[in-house]
1. Please pick out the residue among Asn206, Asn156, Asn185, Asn151 that is buried (at least 23 other Cβ atoms within 10 Å of the Cβ) and in the same structural domain as Ala120 (by TED's automatic domain parsing).
2. Tell me whether segment 210-224 contains one or more residues that are more than 9 Å from ligand 2 (Cβ to nearest atom) and part of a strand (DSSP E or B).
3. Give the number of residues within segment 246-265 that are in contact (Cβ under 8 Å) with a residue 12 or more places away in the chain, more than 17 Å from His231 (Cβ to Cβ) and charged (D, E, K, R).
4. Could you look through segment 32-53, keep only residues that are among the β-branched types (Val, Ile, Thr) and surrounded by 15 or more Cβ atoms within 10 Å (Cβ to Cβ), and pick out the one that is farthest from Pro196 (Cα to Cα)?
5. Do you know which of the residues in segment 11-39 that are of a type in the set (Gly, Ala, Ser) and either more than 12 Å from ligand 1 (Cβ to nearest atom) or under 21 Å from Leu69 (Cα atoms) (or both) is nearest to the chain's Cα centre (by Cα)?
6. Residue check: is Val228 within 16 Å of ligand 1 (Cβ to nearest atom) and either over 27 Å from Asp330 (Cβ atoms) or hydroxyl-bearing (Ser, Thr, Tyr) (or both)?
7. What single numbered condition from (1) surrounded by 22 or more Cβ atoms within 10 Å (Cβ to Cβ); (2) within 14 Å of ligand 1 (Cβ to nearest atom) fails to hold for Phe195?
8. Give segment 249-302 a look and list any residue that's out of contact with any Cys (no Cβ under 9 Å at 6 or more places or on another chain) and of a type in the set (Ser, Thr, Tyr), or say none.
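The values are calculated or read from the model by the stated rules, or taken from the named source; none is laboratory data. Everything numeric in this text was worked out from a predicted model, so none of it was measured. So basically every Cβ, Gly included, is an ideal-geometry build from the backbone, and we count neighbours across all protein chains shown.
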Amino acid sequence: MTILITGGAGFIGSNFVLDWLAQSEETVINLDKLTYAGNLQNLTSLSENPEHIFVEGDFGDVALVNQLLRAHQPRAVLNFAAESHVDRSIHGPGEFIHTNIVGTFNFLECVRAYWSGLAADAKTAFRFLHVSTDEVYGSLSKTDPAFTENNKYEPNSPYSASKAASDHLVRAYHHTYGLPVITTNCSNNYGPFHFPEKLIPLMIVNAQAGKPLPVYGDGQQIRDWLYVKDHCSAIRRVLEAGAVGEVYNVGGWNEKPNLDIVHTVCALLDELKPRADGKPYNEQITYVTDRPGHDRRYAIDARKIESQLGWKPAETFETGIRKTVQWYLDNPEWVANVQSGSYKDWVNRQYGDQAPAAAGVAA
Ligand code: NAD
Ligand code: TYD
């Protein structure tokens, strides 16, 4: 048996592939374009594993995807591939439309054609699992209830709008063509291999480099954090037992204001790798101009996946963030290797006028 995943060299995808192959002998075809966010170093521990077949390419490349589906006959496809960084989507939405909408559309067309030609049993058993985000539901006020699967879609950034469009396409392929799809909408992930343009890894990396810790606006925006390996276990469970055509929200009931997150990271670093001058890392916190259209609060109501599929996260925020900070301290080479090329250009563009050295990258 074989599964095909897209975007398996990115943050969540690579954690998923590692997790999958640690628990299963089922072959993984990993199709990834290796954009700035794709990193084969995440998968070096699999270099001798014949069950991991990496293919560099675009999930929207119809000829390539058709050929892979024909050759490997997967029983399921899992779609992780996307442009995923909100701030980048504000500076340059075009790539998000191209990848997240057009790419998903092309991929769906290929999978539909492949699925249509399967024998009856294989057709029934087949799954298209689409990995999406809670950001499609928009922003909550402090007192609103958390997002359920029935919340209206109200995406506010080009990133979340492009993900919302891809979710709608996936849904339509089920309703129109019967393609056996399932969608997951997960809250913010954190953990190993997280690219240091996102909040938590950026803070860990900048703190150690003696650079400013850039907090947008008042730092009171709330996100709902889930350790990445818990997201992986949720996806496995949904693939195994989720009902076709359904949507599952994934989250760990861990709402935190951004400033609390930054203080927690600083306190862990004070403990695990104190500053040479003995001062606390939170002295490096710097307030910078807020993100345009910044969503105030996300929160996931995870009762459906918990009650219907029996899924629960293994980590609390306290255990997960400690493991994460320790992972970055243990892997300085991984960090150094990603801090080059287009990443450096990005940092200059995003933080340039306000905090010239804001992202822990040597000029
Ligand atoms: P990421 O940016 O770290 O990785 C994306 C991966 O997709 C990279 O390896 C990249 O090379 C690859 N990719 C991009 N365009 C491609 C294309 N055209 N063809 C093939 N591969 C391509 O993203 P992530 O944080 O790992 O997110 C994975 C998925 O999970 C995304 O769909 C994202 O929307 C969703 N998600 C992320 C979070 C989060 O907190 N990071 C939360 C919920 C959902
Ligand atoms: P991010 O990790 O980009 O995830 P998302 O925007 O998808 O939720 O950001 C998480 C939160 O942290 C978000 O409210 C924006 C904020 N943030 C900062 O305050 N400073 C930063 O430098 C970054 C990258 C994010």
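1. Working: Asn206 fails: in the same structural domain as Ala120 (by TED's automatic domain parsing); Asn156 fails: buried (at least 23 other Cβ atoms within 10 Å of the Cβ); Asn151 fails: buried (at least 23 other Cβ atoms within 10 Å of the Cβ).
Unique residue meeting the criteria: Asn185.
2. As a first pass, look at segment 210-224 and keep what is more than 9 Å from ligand 2 (Cβ to nearest atom): 210-212, 218, 220, 224.
Next, only the ones that are part of a strand (DSSP E or B) stay: 224.
Yes, segment 210-224 contains at least one residue that is more than 9 Å from ligand 2 (Cβ to nearest atom) and part of a strand (DSSP E or B).
3. Of the residues in that region, 1 qualify.
4. First, the residues of segment 32-53 that are among the β-branched types (Val, Ile, Thr): 35, 44, 53.
Then keep just the ones that are surrounded by 15 or more Cβ atoms within 10 Å (Cβ to Cβ); that gives 35, 53.
Numbers: Thr35: 15, Ile53: 27 Å.
Among residues in segment 32-53 that are among the β-branched types (Val, Ile, Thr) and surrounded by 15 or more Cβ atoms within 10 Å (Cβ to Cβ), the one farthest from Pro196 (Cα to Cα) is Ile53.
5. Filtering segment 11-39 for residues of a type in the set (Gly, Ala, Ser) gives 13-14, 22, 24, 37-38.
Checking the rest, the ones that are also either more than 12 Å from ligand 1 (Cβ to nearest atom) or under 21 Å from Leu69 (Cα atoms) (or both) come to 13-14, 22, 24.
Details: Gly13: 8, Ser14: 10, Ala22: 20, Ser24: 22 Å.
Within segment 11-39, the match that is nearest to the chain's Cα centre (by Cα) is Gly13.
6. Values: within 16 Å of ligand 1 (Cβ to nearest atom): yes; either over 27 Å from Asp330 (Cβ atoms) or hydroxyl-bearing (Ser, Thr, Tyr) (or both): no.
Criteria not met by Val228.
7. (1)
8. Start the filter on segment 249-302 by keeping residues that are out of contact with any Cys (no Cβ under 9 Å at 6 or more places or on another chain), which leaves 252-279, 286-299, 301-302.
Thr264, Thr286, Tyr287, Thr289, Tyr298 - these are the residues of segment 249-302 that are out of contact with any Cys (no Cβ under 9 Å at 6 or more places or on another chain) and of a type in the set (Ser, Thr, Tyr).
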